[in-house]
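The values are calculated or read from the model by the stated rules, or taken from the named source; none is laboratory data. Please read all numbers here as calculations on a predicted model, not as lab measurements. Backbone-built Cβ (ideal geometry, glycine too); neighbour counts: all protein chains shown. Calculation scope for accessible area: heavy atoms of the full protein, side chains included, ligands and nucleic acids excluded. Shrake-Rupley method; radii C 1.70, N 1.55, O 1.52, S 1.80 Å.
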Protein chains: 2
Amino acid sequence: MQNQILKNNEVGIFALGGLGEVGKNMYCVEYRDELIIIDSGLLFPDEHLMGIDYVIPDYTYLIENQNKIRALFIGHGHEDHIGGIPFLLKMVRVPVVYASGLSLGLIRVKMEEHSNLSLNLQEYHESDVIRFKNLSVSFFRTNHSIPDSFGIKIGTPEGNIVHTGDFKFDFSPTGNDSNYHKMARIGEEGVLCLMSDSTNSELDDFTTSEKVVSETIKELFKKIPGRVIISTFASNVHRVQQIVEASVLTDRKIAVFGRSMEKNIDVGLKLGYIKAPYGTFLFSRNIHGLKQNNITILCTGSQGEPLAALTRIASGTHKQITLIPGDTVILSSSPIPGNQESINKTINLLYKNGAHVIAQSPFADVHASGHGGQHEQKLMLKLMKPKYFVPIHGEYRMLKRHAEHAIDTGVKPENAFIMDNGDVLAVSKEGARIAGKIQTSDVYVDGSAIGEVGSQVIKDRRELSEDGLLSVVMTINQERLEVICTPSIVSKGFIFMKDNVAMLRDLQELALNVTDKYLVQGKKLNISGMKNDLTKTFARYVDQKTGRQPMIMPVIMIL
Amino acid sequence: MQNQILKNNEVGIFALGGLGEVGKNMYCVEYRDELIIIDSGLLFPDEHLMGIDYVIPDYTYLIENQNKIRALFIGHGHEDHIGGIPFLLKMVRVPVVYASGLSLGLIRVKMEEHSNLSLNLQEYHESDVIRFKNLSVSFFRTNHSIPDSFGIKIGTPEGNIVHTGDFKFDFSPTGNDSNYHKMARIGEEGVLCLMSDSTNSELDDFTTSEKVVSETIKELFKKIPGRVIISTFASNVHRVQQIVEASVLTDRKIAVFGRSMEKNIDVGLKLGYIKAPYGTFLFSRNIHGLKQNNITILCTGSQGEPLAALTRIASGTHKQITLIPGDTVILSSSPIPGNQESINKTINLLYKNGAHVIAQSPFADVHASGHGGQHEQKLMLKLMKPKYFVPIHGEYRMLKRHAEHAIDTGVKPENAFIMDNGDVLAVSKEGARIAGKIQTSDVYVDGSAIGEVGSQVIKDRRELSEDGLLSVVMTINQERLEVICTPSIVSKGFIFMKDNVAMLRDLQELALNVTDKYLVQGKKLNISGMKNDLTKTFARYVDQKTGRQPMIMPVIMIL
């Protein structure tokens, strides 16, 4: 890129993911022959990406500039920041991955399933400075919904580039506090460009403190007469600690259900993020013999995920836990956009099967977001006093609002850059400009294959999901120019052919009529013409008869 | 039913749709040989019902008891209350359909497309009493997000059954007021059983008055320097009137975009629900020559519907309207559950293409719900003083909360019945009991066919949408016991076979190997065994190679 896009004294700032979306965060800072990557996340797709498991960034630019990559730095351990690491390492040589504390533990667990990949994983501490030829990297603690979340400062000859990572300011946090003083020092030192978390820029509130959540949970645990069934994000180790404290206080033992929850609690206990008296967590989750008000059931499923523990408990299909009168379910979480419907279904089932349900509301602070609202974003801007500003981590409307907040706090309007993935901002002492665009796109991961699912395949899946498929197989003897088998009509997801004998006969007759037109002595058999004709004829007939548009798939067997 | 479920002096109350869901409302009151139907709605399915256009109730009970049906009464003209009428009339003989005012107009428009159906449509007025042998039906005006919304009282020898329909109490409404006094009189007269709207039972608020919305819209229209682009539900004729008034006040002309909006405004103007000075609505929507602050663009698409006007404007694909700097978009609506994601996408695009966007928030009352919160529900309960109570129109958690509100206002806990579709409540002077259950279910409408799409078809569509389809066609000469064509492998929505020649060859070889096992001299050809074997073998191979599970569709052609 250097030669084409950036001048020799310019620092390039761009994202391969994370702009215009919440997910697959991957930000890059490039200066001459050095490139630093911050985060390597994935995105969980919405229902429009039929059957796709994850979306990751297109790594082409990194592959082509492999020799410049100095290191990957991880700010915190959420999947939208670390989930892409195995895919990245499969395709790109990264000399070293730096992470801290819990993030390090979570990456280790994740990479156990990818022992074939070469990974040089190093720990950083807040006070470390990691120096490269022209660039240096240092850190400042932030507060977020997972322990050990760090902002990253990249020192360049042109000035400091600061990346906040995901953050909120909690004046009475659970776990580590934000390092206000280090942020203030960085601000005094001077920030050329700030990249800051935009998720909650539309919120006029200051995020509820975890202390309030902690107290609410304790009060609820005291009041609830029977079993507490509580669900939260598996990675929210702070919340788990609050649940542990409330359980200890109210003499409840905890049974944990759900694989990701078990795994994260395991890591959290080992690394000391979760502190619980011996015996608090029930061995083999055996709750038999305990009184109902001595039981906490901690489980996954706060997003209504179809296979998660809470969803099974709600629907009565969980192997160990059946709802009983007196059960109270607490959803200690907020709906991720797109999940509201599944969550509602779970809540309906829980009520229906006799449980009482408490979800986050202005009357019950059982959850606080991990992302600061506009006042917190403005505090960050005030502390950092950046010359240039790039809102990151958010959909367009969030970036836009965040830019407005920045301008409110003193950033010049022309110095706030709302960018897309791939846009390259070139900053230097002399100025800042959008210097160009590098290749980016969504890469779909389905099963074990990366990137093989193209947009045509997604389009086909969508079409199939709408009205199903109708297939006709014609077997033709090329020499005798004859159809030699009854046309086979098969449908999936369209209608039951067996119940529609008249339609089946019509279609067979139509198929024979169409095919006959192409079986002409002395003319070369036009197979693609025949296929097109069959498709059109079938589509027209089916639309008339049923008003539906299944995908038509003609297959011609030539003998 | 009479002989099996109800005693001779019991009134049967049940729903064919509307309980445990928001949609396809259809409630029945039955006494001896008379049956009254209230509303005939449809439900717009969520994305889990692949490709289904609508869901309607199973009308079997009505078909079987056709001779009892006296009339269908329509409370108001929303699709979840009138959308099922054409489907109902196709299958069930209904002697007369009663509707009032705007509902009548909307039903007429709807039925123009179904001129083959026999319909006896009659108008009722609030003061009417329609008498049958044992039953009589009368009405009381309520306030809702569409004009001419009525509650219905059915007088029976055992007492009054009251159905509120959808309602809120707005002390300063746009359009007709609720008839508090008639409700009070009905309450004094005595209500044996109240069926009441539960939609917003989880809301602790009193619904914002339309007067506030009206003022907010006027203030915004004054402040906005350029064009106003405003979107709302097409059926919200009150809102349209507010937009007309704000436009007239600020000297703006209105261009209307979107078929349903044009249709409803047409009906609204004709019937006098919308009053606008001549020239307010622009002929052929020609905005050329007008100054930007003289333009209101009123359009559909407040739910982010893919083909609606606002969605096209946002994405830059609308034929007539292109966004220009200074445009402000007002979403005068609330998200219907499940639509939040599409709405967010639209908002992002609007911002991205330079528009400013204002949506309903605590800081901008540009919309009010049509359903009352818990205080309004309690006011209805206080006015009606019912002995028995059935919460209707809502998901289970809403019904449950509404029942709690009823108990708070004095209904005995044992007299509040949270029911499912099909549950029959038998009420009489002597008591009330759940007497039994009649057949109900979801009937899917896809294209022009009712009910032909069964759950297997939906299952197939879902499977196809996940990983697509892989088909293998084998052509076999039965006499010679030979495969006589190269196996044809076709895939849709799985991967591009052309890019995967190695996999194609492997699959062909596997297909030949499997088939060979079945081509044994002297044994009857086991075609279904062969198909099962092909399916299993292909599934195993593909899962190993790709981690995916496409639907496998083997086709065997026998010569």
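Overview of results
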quantity: Residue among B:Phe140, A:Ile476, A:Leu349 farthest towards the positive dipole end of the protein assembly as shown, charges placed on Cβ; calculated: A:Ile476
quantity: Shielding score for B:486-493, defined as the mean number of other chain Cβ atoms within 10 Å; calculated: 5
quantity: Simple Cβ-charge dipole of chain A, Lys/Arg +1 and Asp/Glu -1, about Cα centre, in debye nearest 20; calculated: 760
quantity: Debye, to nearest 20: dipole size of segment A:205-348, +1 on Lys, Arg Cβ, -1 on Asp, Glu Cβ; calculated: 440
quantity: Shielding by partners, peptide B:455-464 (average Cβ within 10 angstrom, other chains); calculated: 6
quantity: Cα-based helix-to-principal-axis angle, B:237-249 vs chain B, degrees rounded to 10; calculated: 70
quantity: Segment A:477-532-segment B:500-559 distance, computed between alpha-carbon centres (Å); calculated: 23
quantity: In segment A:5-86, the GluC sites (Glu not before Pro) that fall in loop regions by DSSP, at most 10 other Cβ within 10 Å; calculated: none
quantity: Dipole magnitude of the protein assembly as shown, debye to nearest 20 (Cβ charges: Lys/Arg +1, Asp/Glu -1, about Cα centre); calculated: 520
quantity: Per-peptide average of other Cβ atoms within 10 Å, ordering A:231-240, A:271-280, A:180-189 highest first; calculated: A:231-240, A:180-189, A:271-280
quantity: Net lengthening on full extension, B:Lys498/B:Glu126 (0.36 nm per residue, minus Cα-Cα); calculated: 127.1 nm
quantity: Area accessible to solvent at B:Val390, 1.4 Å probe radius, in Å²; calculated: 0
quantity: Counted charge near A:Gly41, where neighbours are those whose Cβ lies closer than 10 Å (Asp, Glu -1; Lys, Arg +1); calculated: -2
quantity: Chain A: calculated mean residue ellipticity at 222 nm from DSSP helix runs of at least 4, using -39500 (n - 2.57); calculated: -9500 deg cm²/dmol
quantity: For segment A:18-39 and segment B:151-230, distance of Cα centres in Å; calculated: 52
quantity: Minimum 30 Å² accessible area buried by the other protein chains, segment A:510-559 residues, probe 1.4 Å, relative to alone; calculated: A:Thr546, A:Arg548, A:Met553, A:Val555, A:Met557, A:Leu559
quantity: Global geometry of chain B, whether rounded, prolate or oblate, following the gyration tensor of its Cα atoms and the 1.5 cut on a/c; calculated: oblate
quantity: Bridge type composition, segment B:468-558 - antiparallel percent by DSSP, nearest 5; calculated: 45
quantity: Degrees, to the nearest 10: A:101-111 long Cα axis against longest axis of chain A; calculated: 20
quantity: Anisotropy class of segment A:210-359 from Cα gyration tensor, a/c 1.5 cut; calculated: rounded
quantity: Furthest towards positive pole of dipole, A:His318, A:Ile224, A:Leu104, structure part the protein assembly as shown, Cβ charges; calculated: A:His318
quantity: Per-residue mean of C-beta atoms belonging to partner chains within 10 Å, peptide B:468-480; calculated: 4
quantity: Antiparallel %, DSSP beta bridges [both residues in chain A], to 5; calculated: 55
quantity: Accessible area of the protein assembly as shown belonging to carbon and sulfur atoms, whole % at 1.4 Å probe; calculated: 49
quantity: Among beta bridges that DSSP assigns inside the protein assembly as shown, antiparallel share in %, nearest 5; calculated: 55
quantity: Proximal charge balance of A:Ile458 [Cβ under 11 Å; K/R count +1, D/E count -1]; calculated: -1
quantity: Value of relative contact order over chain B, rounded to a whole percent, pairs C-alpha under 8 Å and six or more apart; calculated: 15
quantity: Net +/- balance of residues flanking A:Ile82 in space, Cβ distance below 10 Å, scoring K and R +1, D and E -1; calculated: -2
quantity: Shortest-first nm distances, A:Gly190 label point to equivalent points in other copies (7 Å, Cα→Cβ); calculated: 8.9
quantity: Gyration tensor verdict on segment B:1-145 (Cα atoms; rounded if a/c is under 1.5, prolate if a/b is larger than b/c, oblate otherwise); calculated: oblate
quantity: Nearby lysines by direct alpha-carbon distance to B:Lys523 (threshold 26 angstrom, same-chain neighbours under 8 apart not counted); calculated: B:Lys531, B:Lys536
quantity: Subset of A:Lys110/A:Lys319; A:Lys182/A:Lys412; A:Lys133/A:Lys437; A:Lys90/B:Lys545 violating a 19 Å alpha-carbon distance limit; calculated: A:Lys110/A:Lys319; A:Lys182/A:Lys412; A:Lys133/A:Lys437
quantity: 7 Å along Cα→Cβ, label-point gaps from A:Leu290 to other copies, nm, shortest first; calculated: 6.6
quantity: Nearest 10 degrees, 0 to 90: helix B:340-352 Cα axis against chain B principal axis; calculated: 90
quantity: Probe 1.4 Å, accessible area per residue of segment B:492-559, Å²; calculated: 55
quantity: Chain-alone versus full-assembly comparison, segment A:380-397, residues with accessible loss of at least 40 Å² (1.4 Å probe); calculated: A:Tyr396, A:Arg397
quantity: Cleavage-rule hits, trypsin sites (Lys or Arg not before Pro), segment A:1-97, DSSP coil, Cβ neighbours within 10 Å at most 15; calculated: A:Lys7, A:Arg93
quantity: Exceeding the 31 Å Cα-Cα cut-off - candidates A:Lys68/A:Lys275; A:Lys24/B:Lys222; B:Lys270/B:Lys291; calculated: A:Lys68/A:Lys275; A:Lys24/B:Lys222
quantity: Pairwise burial B:A, computed as accessible area of each alone minus the pair, summed, 1.4 Å, Å²; calculated: 5300
quantity: Efficiency of FRET between B:Ile484 and B:Ser455 - r from beta-carbon atoms, R0 30 angstrom, step 0.05; calculated: 0.20
